[in-house]
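Encoded as structure tokens, the structure appears first; notes follow it.
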Amino acid sequence: MRMTLRQLAVFVAVAQEGTVTKASEAVRLTQSAASMALADLEDGLGTVLFDRLGKRLQLNDLGRFLLPQALEILGRCEAFEQAAKGELQSIDLRIGATLTISDYLMPDLMANFLQQQPQAHLQLQVGNTRQMIEAVSQFQLDLALIEGSCHLPQLQCIHWRDDEMAVCCSPDHPLAQLNRELTPQDFNHIEWILREEGSGTREVFDQAILKDIQNAKIRLTLGHNEAILKIVAGGLGMSCISKLAIQPLLDNGRLIILDTPFWQLTRPLFMLVHRQKYQGPGLKTFMQFCNE
């Protein structure tokens, strides 16, 4: 059987987009041409690569096994073609980032990278740690920068840098008025405004703080740092969140940080890549830039 690169490109696009319609737009083919390319590939292999769920196509076990190899073939072919033309390989990356990283670290990181690599094209997808792990697992992202931990064997979790978190509240909160050192017992029955489960920020709270608090009252869970901090600054409860997010409200006096040396609130941030993904020069350049 002689498969074509177009068939492989359609296979990868359908795997990433979930429908032939969206895949055809990604590879710049008509829907009928994309459908025919996928059908020809499956006919040539003598097996199907997707489970059909209405209009959606979901990779079956064989499809998931072949996807990394298809991605590597296409990546190497692109590098081969550009090298033959005497061109530098273009940098076109799909990057993911969790909320704190996307809000407070990614703008400068991406701007500085694009100054060094003005022809690069970067797409940024934002979500919580659980969503980023899922996207990298499904090869929907080339790389993700995450706040939480990942233990999936197929993913490589590389330490990037550290982030310091803190417990914060309004200056008018009762605990802010105590003229003594705080203890974990002071936080019993306190109301908390927190990030949602599945976020790296919430993971730190659950592991470092929740175990020491009796009858913790989680009043609200929200998906955005800014919303949490505005509510806490308004006098409702307290939160545990990155100092990167807290700093603007510290500067204008709307929040204070409580001294809690009994809790370890420093956390690592990670670069997340799939072990089976072909790491072309563009991805390696970006990863090296992040480490520098």
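Observations
- Hits in the range 187-242 - residues which are in a helix (DSSP H, G or I) and among the hydrophobic types (A, V, I, L, M, F, W, C): F187, V204, F205, A208, L210, A227, I228, L229, I231, V232, A233
- Hey, R254 assigned to a loop (DSSP other than H, G, I, E, B) and of a type in the set (K, R) or not: yes
- Filter result (in a helix (DSSP H, G or I) and under 14 Å from L59 (Cα atoms)) within the range 9-20: V10, F11, V12, A13, V14, A15, Q16, E17, V20
- Residues in the range 105-128 that are surrounded by 18 or more Cβ atoms within 10 Å (Cβ to Cβ) and within 24 Å of R64 (Cα to Cα): G127, N128.
- Among residues of the range 73-87, those that are open to solvent by 60 Å² or more (accessible area, probe 1.4 Å) and either at pLDDT below 85 or among the polar types (S, T, N, Q) (or both), counted: 9
- So P118, is it in a loop (DSSP other than H, G, I, E, B) and within 20 Å of F286 (Cα to Cα): yes
- Taking residues in the range 275-290 that are closer than 15 Å to V136 by Cα, and partners anywhere that are loosely packed, with under 15 Cβ neighbours inside 10 Å and of a type in the set (S, T, N, Q), the pairs with Cβ atoms closer than 6 Å and at least 6 places apart or on different chains are R275/Q154.
- Tally, over the range 129-165, of residues that are open to solvent by less than 70 Å² (accessible area, probe 1.4 Å) and more than 22 Å from A15 (Cα to Cα): 11
- When the test is whether a residue is in contact with a Leu (Cβ under 9 Å, 6 or more places away or on another chain), on the phi > 0 side of the Ramachandran plot, modelled with pLDDT under 95 and open to solvent by less than 40 Å² (accessible area, probe 1.4 Å), G198 does not pass it.
- Restricting attention to the range 202-220, the residues that are touching a Lys or Arg at 6+ places or on another chain (Cβ under 7 Å) and either aliphatic (A, V, I, L, M) or touching a residue at least 24 places away in the same chain (Cβ under 8 Å) (or both) total 1.
- Number of residues in the range 28-80 that are part of a helix (DSSP H, G or I) and more than 29 Å from P281 (Cβ to Cβ): the value is 14.
- Subset of the range 169-186 [part of a loop (DSSP other than H, G, I, E, B), surrounded by fewer than 16 Cβ atoms within 10 Å (Cβ to Cβ) and touching a residue at least 60 places away in the same chain (Cβ under 8 Å)]: P171, D172, E181, T183
- Search result, residues across the range 6-63 that are touching a residue at least 40 places away in the same chain (Cβ under 8 Å) and open to solvent by 60 Å² or more (accessible area, probe 1.4 Å): L45, Q58
- Matching residues, the range 261-275, being more than 18 Å from the chain's Cα centre (by Cα) and in a loop (DSSP other than H, G, I, E, B): P261, F262, W263, Q264, L265
- Filtered by the rule that a residue be within 19 Å of N112 (Cα to Cα) and either open to solvent by 50 Å² or more (accessible area, probe 1.4 Å) or among the charged types (D, E, K, R) (or both), the range 248-284 gives P281, K284.
- Among the criteria (1) without any contact (Cβ under 8 Å) to a residue 40 or more places away in the chain; (2) under 22 Å from L229 (Cα atoms), the one D162 does not fulfil is (1).
- With respect to the conditions (1) basic (K, R); (2) in a helix (DSSP H, G or I); (3) more than 13 Å from the chain's Cα centre (by Cα), R130 falls short on a single one, namely (3).
- Among the conditions (1) of a type outside the set (S, T, N, Q); (2) modelled with pLDDT under 90; (3) part of a helix (DSSP H, G or I); (4) touching a Gly at 6+ places or on another chain (Cβ under 8 Å), the only one that M1 does not satisfy is (3).
The values are calculated or read from the model by the stated rules, or taken from the named source; none is laboratory data. As the structure is a prediction and not an experimental result, all values here were calculated from the model. Please note: Cβ atoms are built from the backbone with ideal geometry, for glycine as well, and neighbour counts cover all protein chains shown. Areas reflect the complete protein model, heavy atoms only, side chains present, ligands, DNA and RNA absent. Shrake-Rupley method; radii C 1.70, N 1.55, O 1.52, S 1.80 Å.
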